[in-house]
Amino acid sequence: MQFAKAHSLIPDGQCGSRKRHQAIDLALSKQLVWDLLILQRRTAGWISNDAKSCFDRVVHWVAIVTMLRFGLTWRVLSSMFNMLSSATHRVCTGFGDSKRSFRPPSAVPFQGCGQGNGAGPPIWILVSSVLITMMEAMGYGFECLLALESQLVTAQCFCFVDDTDVIEAGDTVHHSGEDICASVQAAATLWSGGIWATGGAINPEKSFWWLIDFEWDARNGQWRFRRKCSAAPEFDLMIPGLYGDIEPLRRLEPDDSERTLGVMVSPLENHNAQEAQLVSIAKEWAKQLRPHLLHKTLCHRFSRCAYLSQVFAAPVDYQGLGVPHPFGKQGYKHLEMILRHMTGGTKTGNYMDANL
């Protein structure tokens with residue numbers, strides 16, 4: 001990982017299992033790119049997909065070739081994967097290890113990195129980096145020039161471990177949703193084929209996509225998103241499922257929110273969906289806590305949690321607990337992200353510049 005980082009071999013779109021990279025930063029990058037599409041009235045296909053058991057299904061020879069590409073030696077890789085392919089496995093639980101063991105039933109060894117293997121996350125980062133580079137080399141993605149500096153800003157994929165968003169946007173504002181359907185399908189086919197070649201597969205039940213397009217609303221005198229009924233209503237995006245069968249991917253309306261990276265997001269901002277999710281989590285938390293007694297040693301920690309911080313947010317001098325108000329913490333977090341990305345030269349900072 002240090003070698004790959006020093007030589008800039010990991011694409012900016014891969015943020016999972018990397019130091020100083022957070023899921024919320026990737027969610028912010030996605031929202032900023034959506035804002036750019038809205039500002040420029042650019043058409044795009046946005047495919048959000050989930051790879052099934054990416055660590056457990058990586059083919060060994062694919063992982064070996066990929067890691068050789070990133071500077072590891074054959075001797076080290078041969079030692080690790082020979083051990084993984086010939087290991088005897090036991091199930092480890094809180095009650096101890098299982099007495100029975102299991103191993104590959106034939107000469108073909110089990111694939112994957114193995115549960116608990118510390119090299120698993122770096123292996124997937126390197127494998128997915130090759131896939132992202134493949135998408136970039138084939139010309140898929142979104143690109144625009146900064147209005148202030150004429151610097152090129154690009155986005156091909158947003159990855160956080162096995163959750164990936166693939167983008168295919170029109171080159172100009174003159175492309176409609178119907179014009180880019182073929183290229184969106186080609187991008188989805190290439191990405192799913194790359195995942196399949198590594199031993200993985202895309203889970204259609206946890207995957208979906210948006211077709212982002214705009215039309216002029218003459219009555220209100222403003223632009224608006226095109227709905228599914230008017231933007232390529234007969235087009236179905238097809239991908240291979242878990243068992244290789246070609247299946248249609250679920251298409252959402254521009255304001256339909258889905259939970260990715262822990263937050264409810266959509267191209268057309270839908271704050272009600274995120275609020276409803278937080279309320280649901282709070283109610284479930286209260287439901288689980290209500291029938292139990294709270295030990296006195298946990299009362300102070302309990303009062304400092306996010307759900308009660310609005311009640312105890314008063315200063316200590318006024319009989320409060322000195323807990324920061326959640327809206328105040330949110331404002332501080334916004335300022336911290338702006339300063340960190342704008343001054344750090346990150347990809348998210350470039351998207352912020354492009355929106356100015």
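The table below lists the values:
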quantity	calculated
FRET efficiency estimate (nearest 0.05) - Cβ-Cβ, MET1 to HIS89, R0 22 angstrom	0.25
Net charge contributed by nearby residues that have their C-beta within less than 15 Å of ARG20 (K/R +1, D/E -1)	+2
Dipole moment magnitude, nearest 20 debye, the chain about Cα centre, only Lys, Arg, Asp, Glu C-beta charged	1820
Most mobile listed residue (GLY170, GLY141, GLY118) in the chain, GNM with C-alpha springs under 10 Å	GLY118
Residues LEU39 and SER106, FRET efficiency given R0 of 56 Å [Cβ-Cβ distance, rounded to 0.05]	0.50
Estimated D of the chain in µm² per second, where Rh is the Kirkwood radius over Cα pairs and Stokes-Einstein applies at 25 °C, 0.890 mPa s	105
Shape parameters for segment 170-262, alpha-carbon atoms, Rg then Dmax in Å	15.3, 52
Orientation-averaged projected area, Cα convex hull of segment 85-134 (nm²)	5.0
Contact order relative to length of the chain, as percent, for alpha carbon pairs under 8 angstrom and 6 or more apart	21
Net charge, SER183 excluded, C-beta distance under 12 Å - Lys, Arg +1, Asp, Glu -1	-4
Burial ordering of LEU68, LEU261, fewest other beta-carbon atoms within 10 Å first	LEU68, LEU261
Least to most buried among CYS157, CYS181 (fewest other Cβ within 10 Å first)	CYS181, CYS157
Net charge over other residues, Cβ less than 14 angstrom from the Cβ of THR260 (K, R count +1; D, E count -1)	-3
For the chain, with +1 on Lys and Arg beta carbons and -1 on Asp and Glu, the positive-most of LEU28, SER106, GLN277 along the dipole	SER106
Residue-span extension gain [LEU9 to HIS292] - 0.36 nm each, minus C-alpha spacing	96.8 nm
Likely footprinting exposure, ASP317, ASP163, ASP56, fewest C-beta neighbours within 10 Å first	ASP317, ASP56, ASP163
Theoretical ellipticity at 222 nm over the chain - DSSP helices of four or more residues, -39500 (n - 2.57) apiece, nearest 500	-12500 deg cm²/dmol
Pairs beyond 23 Å (Cα-Cα), from LYS30/LYS206; LYS30/LYS333; LYS30/LYS347; LYS19/LYS333; LYS52/LYS347	LYS52/LYS347
Gained length - LEU152 relative to MET342, 0.36 nm times residue gap less alpha-carbon distance	66.8 nm
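Readers should treat all values here as calculations from the given coordinates under stated rules, not as data from a laboratory. As the structure is a computational prediction, the values presented were derived from the model and not from experiment. All Cβ positions, glycine included, derive from the backbone under ideal geometry; neighbour counts span all protein chains shown.
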